[in-house]
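The values are calculated or read from the model by the stated rules, or taken from the named source; none is laboratory data. Remember, predicted model here, so these are calculated numbers, not experimental data. Cβ atoms come from the backbone with ideal geometry, glycine included; neighbour counts cover every protein chain shown. The area values use the complete protein model at the heavy-atom level, side chains included, leaving out ligands, DNA and RNA. Shrake-Rupley method; radii C 1.70, N 1.55, O 1.52, S 1.80 Å.
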Amino acid sequence: MLISTIKFVLGFLYDVAFNGILSLVEMNIVPDFLIRHGVRLLQQTRIDLEEKGGVEERQRWYMELVEGLKKRNIAEQTGAANEQHYEVPTEFYDMVLGKNYKYSCCLFSSPTDDLDVAELAMLELYTERAQLKDGQNILELGCGWGSLCLYVANKYPKSKVTAVSNSKTQKDHIMGECVKRGINNLQIVTADINSFTPPQPGTYDRCLSIEMFEHMKNYKELMLRISGWLKPGGLLFVHIFVHKVFAYHFEVQSEDDWMARYFFTGGTMPSDHLLLYFQEQLKIVNHWSVNGNHYALTSEAWLKKMDANKKKVMSIMRDTYGAHQQTKWFVYWRLFFIAVAEMFAWDKGNEWYVSHYLFEKPEA
């Protein structure tokens, strides 16, 4: 009882202290070097927490997580994802992303690469690893602002491309780009992945998903459904960010669970090998790792563009969150980009990074 009371009091005092520091950060008076130091401290705390005291306990906990995922909905709190990211005005992403609107990890051949070049490099890598060819029937799950589906539809004009998003704002943006670029082989469907059924189930040669699986829970059911959408011999290509060993839920358990509260509610941090536990219908045929420094450079580039467009971004924050909240949310978005950059730069990009997977639906 005494130990529990002490832990409660210490936890309470920690939360009070953290809120006090966060209040100063929200005023935009804390320099970046201190913010980055604080982010790194939280990352070390996460690593220490996920160690679980040793390999035996960690694996026991891991298998409980795997089994627990099978009992949940495919996705949870999908409305929060819209509110936190995807219904922010498109004009904000004009100020932050590259010209291809790729809101996910890019590929840098050099730290000095332009963001637009890095976007294209990763998009092209997807087409190679997914073994895309002209004339295929292609389905993309979680298309974001359309970077991949637009790229694929343009590169493979004889292919039919269908992409799903849970955001009307994103659909409007993508369809506008189709008109500008003269693309007529791309269909965008707005749907919640929990209830989504593609227009032509069982006919798709390829299914692509870029940084959507991190928003999912029940991978067993999701993979089962994707298997039903693919034709025999069809391939699923997945790009997700991962931790090299740990898998965990983004949950608000204390005041310092800032990412879970404001930017990744209902999300999952997969481990590099998590999806390999869900091969009942789809079988792994290839698996690649992309060093985390590529994501660190991506997020640093977003931050740099945001700072360069501060006046316009502040106006967007005011219109979106209200005049009394504009500074706070300007800081929160900067903090989000800093946190992403610091996380993926940890241990030279070898702790948290990006994984690519190619699964196949066996021939009947």
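In this entry, Lys305 is excluded by the filter for residues that are at pLDDT 95 or above, farther than 27 Å from Glu76 by Cα and surrounded by fewer than 14 Cβ atoms within 10 Å (Cβ to Cβ). Looking at the stretch 227-243, can you tell me whether even one residue there is modelled with pLDDT of 90 or more, within 22 Å of Thr127 (Cβ to Cβ) and among the charged types (D, E, K, R)? Within the stretch 227-243, one or more residues are modelled with pLDDT of 90 or more, within 22 Å of Thr127 (Cβ to Cβ) and among the charged types (D, E, K, R).
Screening Asp319 on (1) within 17 Å of the chain's Cα centre (by Cα); (2) surrounded by fewer than 20 Cβ atoms within 10 Å (Cβ to Cβ) shows it passes everything except condition (1). Any chance you could count how many residues in the stretch 315-337 are in contact with a helix residue (DSSP H, G or I) (Cβ under 6 Å, 6 or more places away or on another chain) and among the aliphatic types (A, V, I, L, M)? Summing the residues that are in contact with a helix residue (DSSP H, G or I) (Cβ under 6 Å, 6 or more places away or on another chain) and among the aliphatic types (A, V, I, L, M) in the stretch 315-337 gives 3.
Restricting attention to the stretch 347-364, the residues that are buried (at least 21 other Cβ atoms within 10 Å of the Cβ) and touching a helix residue (DSSP H, G or I) at 6+ places or on another chain (Cβ under 7 Å) total 5.
Conditions tested, residue by residue: (1) at negative phi; (2) in contact (Cβ under 8 Å) with a residue 24 or more places away in the chain; (3) not polar (S, T, N, Q).
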position: Gly267; (1), (2), (3): yes, yes, yes
position: Leu275; (1), (2), (3): yes, yes, yes
position: Glu280; (1), (2), (3): yes, yes, yes
position: Lys283; (1), (2), (3): yes, yes, yes
position: Asn286; (1), (2), (3): yes, yes, no
position: Asn291; (1), (2), (3): yes, yes, no
position: Thr298; (1), (2), (3): yes, yes, no
position: Gln325; (1), (2), (3): yes, no, no
position: Trp329; (1), (2), (3): yes, no, yes
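Is the stretch 175-183 home to any residue that is within 30 Å of Phe250 (Cβ to Cβ), open to solvent by less than 10 Å² (accessible area, probe 1.4 Å) and in contact (Cβ under 8 Å) with a residue 24 or more places away in the chain? No, the stretch 175-183 has no match at all.
Mind listing whichever residues of the stretch 184-200 are surrounded by 14 or more Cβ atoms within 10 Å (Cβ to Cβ), modelled with pLDDT of 95 or more and assigned to a loop (DSSP other than H, G, I, E, B)? Hit for the stretch 184-200 is Asn185, nothing else.
Listed here are the residues, each with its yes/no results for (1) modelled with pLDDT under 95; (2) closer than 25 Å to Asn291 by Cβ; (3) not charged (D, E, K, R).
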| position | (1), (2), (3) |
| --- | --- |
| Glu64 | no, no, no |
| Leu69 | no, no, yes |
| Glu76 | yes, no, no |
| Pro89 | yes, no, yes |
| Asp114 | no, yes, no |
| Glu119 | no, yes, no |
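Looking for whichever is over 19 Å from the mean Cα position of the chain (by Cα) and crowded, with 16+ Cβ neighbours inside 10 Å here; the options are Tyr204, Tyr248. Which one fits? Criteria check complete, one pass: Tyr204. Listed conditions (1) at pLDDT below 95; (2) surrounded by fewer than 12 Cβ atoms within 10 Å (Cβ to Cβ); (3) outside any loop (DSSP other than H, G, I, E, B) are all met by His85, apart from (2).
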